[in-house]
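The values are calculated or read from the model by the stated rules, or taken from the named source; none is laboratory data. Everything quoted here is computed from the prediction, not taken from an experiment. All Cβ positions, even for glycine, are placed from backbone atoms using ideal geometry, and neighbour counts span all protein chains on display. To get the accessible areas, we keep the full protein, side chains included, count just its heavy atoms, and leave off ligands, DNA and RNA. Shrake-Rupley method; radii C 1.70, N 1.55, O 1.52, S 1.80 Å.
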Amino acid sequence: MKIELNDVGYSYQTGHHALEHINLSFEGNQSVAIIGQNGAGKTTLAKQLNGILRPTQGTLKIDGIEISGRTTSEWSKRVGYVFQNPDDQLFLETVREEFAFGPRNIGMDEETIERCIAKVAALTGLQDKLDVHPADLSPTEKKFCGIGAVVMMDPDAVVFDEPTCGQDYAGDVRLHDLIAELKREGKMRIAISHDMKFVVANFDRVVVMCQGKVLVDGTPEEVFSQVDVLRKSYVTPPPITRVAQGVGLKETVFIVPQFVEKLEDACSAQNS
Amino acid sequence: MKTVVEVEHYSFIYQDAKVPAIKDVSFTVREGEFVCIVGANGAGKTTLCNALVGLIPHYFTGETEGSVRINGADTADASVADLSNYIGLVFQNPFNQLTYASGTVAEELAYGLGNRGVSRDEMRRRVKLVSQLMHIEDLLDRDPLELSGGQVQRVAFGSTFILEPNILVLDECTTQLDPLGASEIFDIVKQLNASGVTVIMVDHDMERVAQYADTVVVMDHGQISLTGTPREVFSASDINRYGIDTPDYVKLSKGLDRRGLGDGELAMTYEQTVAMAKEVIDR
């Protein structure tokens, strides 16, 4: 699948210009993180991707078809959007009903729905909570219920809005596994996040937004090496990357073993 | 240093709940101490925060045992308003902190001062000061309900700071802020701490916990499993079983030790980690 934004702008009714001249293209099974300061337009951008919001300027096409031509529910089969706050998304009496609601609406048969519920419940860790009211779930479980309801639709792309917000260590690990499974299934993954450790561990492309515009778009290495540019959008590299930059290491590293290796190399170069 | 928080054999079970949210918790906090409370979701951290500021038992109903004393006053006897003279809480969800009674951010910030009968001139002075501190000067005339999550989080901090509490309780209160915004706020918290304010903070960001805490309290299933300095807590090899990650600074120290490049010390802060890595390169 391909999502193309051509000169997209979006203004809210209050007159606030949230997006201006956005040109972006997301293809196939890409994994993309959208980062940037509060109010940069990240959520507004993400909500354009399945038509929850429609551009007030420019065009957005999915597989060459302009988004304005179809309803949000039609697009939600292709692009799923997981809300930042699950309370904005969940409204049914049980987790099972939340999971079944979307597929039932698009005519999925009950047998397939049951099979999908079992799979998604395992992915989200909600196997024992299927008959629980979403309001009685813990904040982490609720978040996974929202994710599960979207994954149930089997869309080609899943857009997550701040998925690590309020998650603990176990939640982070589960989310990492879930995103890896979506990758195995060949799906596009797009996430808005302020959690840079999560960004570098799960995404191959990073789009930095600042005041409604795209500031930088590149690989994590390209993006996180530009510390001064990132500062403009109130972003800092992950902790271990900052340490490596602090010691003047030329390469951009993201994980501890990689940094240990580079230090070992530097140490032996010094001694040879 | 005098003790400002004394929690003794404290337990709380929410009304209609089957299991207690916190069980037989005891700890003390000294004046000026920076304490971080960590643990998996559901470990009882937020419940403990609510108990410290008196929302339990005065707002949330349930059964309590034991006692919580703030500056010597038992929270069961003192009112939340009285306690707010000493201790202030910044909520996990900033929208839960809004009064929903203010038309503008300026009014929201001044709300607590109004309840205390502070003069209008003094209110204006403090609103100006706090809005500068929190970088929300340009939001003062906006309706709080029209702000983004990150902006509301700054307002929530401001409305707590403005009351100048001696003890600040911060419950995962920067989750919606951009990284530099969060670090700006923690710099302010650190400055307040350096000037003598006691800080009790719940956080999932273990690098930040290691960087700032004097004492780390690890909670698990409503109980305190481990208490100590960041070094004592994060050197425990089984720390992950309490649902928390090891800070990258510690992982790097241990990684270097395994390759025979470390000196056996664990780095706890950004500065210590940079110094440790430089030493390896220069060796």
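Shielding of peptide A:169-175 by partners, expressed as the average count of other chain Cβ atoms within 10 Å per residue Cβ, is 4. Rounded to the nearest 5, what % of DSSP beta bridges with both residues in chain A are antiparallel? Antiparallel: roughly 50 percent of the beta bridges in chain A. Placing a label point 7 Å from the Cα of A:S138 along the Cα-to-Cβ direction, the residues of the stretch B:153-184 whose backbone N falls under 16 Å of that point are B:172. Consider a paramagnetic label point 7 Å from the Cα of B:A76 along Cα→Cβ; state which residues of the stretch B:1-34 have an amide N under 13 Å from it. Of the residues in the stretch B:1-34, B:8-13 have backbone N under 13 Å from the label point off B:A76. Bridgeable aspartates and glutamates around A:K250 (alpha carbons under 13 Å apart, same-chain partners fewer than 8 residues away excluded): A:E221, A:E222, A:D265.
Considering only the Cα atoms of the stretch A:7-52, their convex hull presents on average a projected area of 3.8 nm².
Centre-to-centre, using Cα atoms only, the stretch B:108-143 and the stretch B:203-217 are separated by 30 Å.
Note on A:S11 and B:V118: the model spin-label points, each 7 Å out from Cα along the C-beta direction, lie 3.9 nm apart. Suppose we keep just the DSSP beta bridges with both residues in the protein assembly as shown; what percent of those would be antiparallel, to 5? That works out to approximately 55 percent antiparallel. Shape annotation for the stretch B:125-283: C-alpha extents along the principal axes are 59, 42, 30 Å, from largest to smallest. Given +1 at the Cβ of Lys and Arg, -1 at the Cβ of Asp and Glu and no other charges, the dipole of the stretch B:3-237 around its Cα centre is 220 debye to the nearest 20.
Averaged over the residues of peptide B:172-182, the number of Cβ atoms from other protein chains lying within 10 Å of each residue's Cβ is 6.
3J(HN,Hα) couplings calculated from phi for the stretch A:65-79 with the Karplus curve 6.51 cos²θ - 1.76 cosθ + 1.60 (θ = phi - 60°) are, in sequence order, 9, 5, 5, 4, x, 9, 7, 4, 5, 5, 5, 5, 6, 8, 10 Hz; Gly and Pro show x.
Here the label points at B:M1 and A:K77, each 7 Å from Cα along the C-beta direction, are separated by 6.3 nm in the simple model. Using the Karplus relation 6.51 cos²θ - 1.76 cosθ + 1.60 with θ = phi - 60°, the per-residue 3J(HN,Hα) values for the stretch B:256-266 come to 5, 4, 4, 8, x, 9, x, 10, x, 8, 9 Hz, with x marking Gly and Pro. If you plug the beta carbon distance of A:Q258 and B:E8 into 1/(1 + (r/R0)^6) with R0 = 45 Å, you get a FRET efficiency near 0.45.
Report summary: the helix-based calculation at 222 nm, which adds -39500 (n - 2.57) for every DSSP H run with n ≥ 4 and divides by the residues of the protein assembly as shown, gives -11000 deg cm²/dmol.
Take the Cα of A:E221, step 7 Å toward its Cβ, do the same at A:R184, and the gap between the two points is 2.7 nm.
Classify chain A from the C-alpha gyration tensor, please: rounded if a/c falls under 1.5, else prolate or oblate depending on whether a/b exceeds b/c. It is oblate, given that a/c is not under 1.5 and a/b is not larger than b/c. Based on every Cα atom in the stretch B:1-68, Rg and the maximum pairwise Cα distance Dmax equal 12.1, 40 Å.
A Förster distance of 22 Å, applied to the separation of the beta-carbon atoms of A:E66 and A:K2, puts the FRET efficiency at 0.95. Entry for chain B at q = 0.10, 0.16 Å⁻¹: log10 I(q)/I(0) = -0.56, -1.28, Debye formula applied to identical alpha-carbon scatterers, no solvent contribution. Note on chain B: with a GNM built from Cα contacts shorter than 10 Å, the maximum mean-square fluctuation among B:I188, B:I70, B:I162 falls on B:I188.
For the Cα trace of the stretch B:32-138, dividing Rg by the Kirkwood Rh returns an Rg/Rh value of 1.00.
The Stokes-Einstein estimate for the protein assembly as shown, based on a Kirkwood radius over Cα pairs and taken at 37 °C with 0.692 mPa s viscosity, is a diffusion coefficient of 131 µm²/s.
Which residues in the stretch B:150-177 place their backbone N less than 18 Å from a point set 7 Å from the Cα of B:R125 along the Cα-to-Cβ direction? Of the residues in the stretch B:150-177, B:161-165 have backbone N under 18 Å from the label point off B:R125. In terms of the mean number of neighbouring beta-carbon atoms within 10 Å, the peptides A:46-52, A:86-92, B:12-18 order highest first as A:46-52, A:86-92, B:12-18. The charge dipole of the protein assembly as shown, taken about the Cα centre with unit charges on the Cβ atoms of Lys, Arg (+1) and Asp, Glu (-1), comes to about 820 debye, rounded to the nearest 20.
Heavy atoms of chains A and B lose about 3200 Å² of accessible surface on contact, summed over both sides with a 1.4 Å probe. Can you give me the pair-distance distribution of the stretch B:29-75, C-alpha pairs, 10 Å bins, whole percents? Histogramming the stretch B:29-75 at 10 Å steps yields 23, 50, 26, 0 percent.
Rounded to the nearest Hz, the phi-derived 3J(HN,Hα) couplings of the stretch B:78-87 under the Karplus curve 6.51 cos²θ - 1.76 cosθ + 1.60 (θ = phi - 60°) are 7, 7, 4, 4, 5, 4, 5, 5, 10, 9, where x marks glycine and proline. Counting only other chain Cβ atoms within 10 Å of each residue's Cβ, the peptide A:257-266 averages 5.
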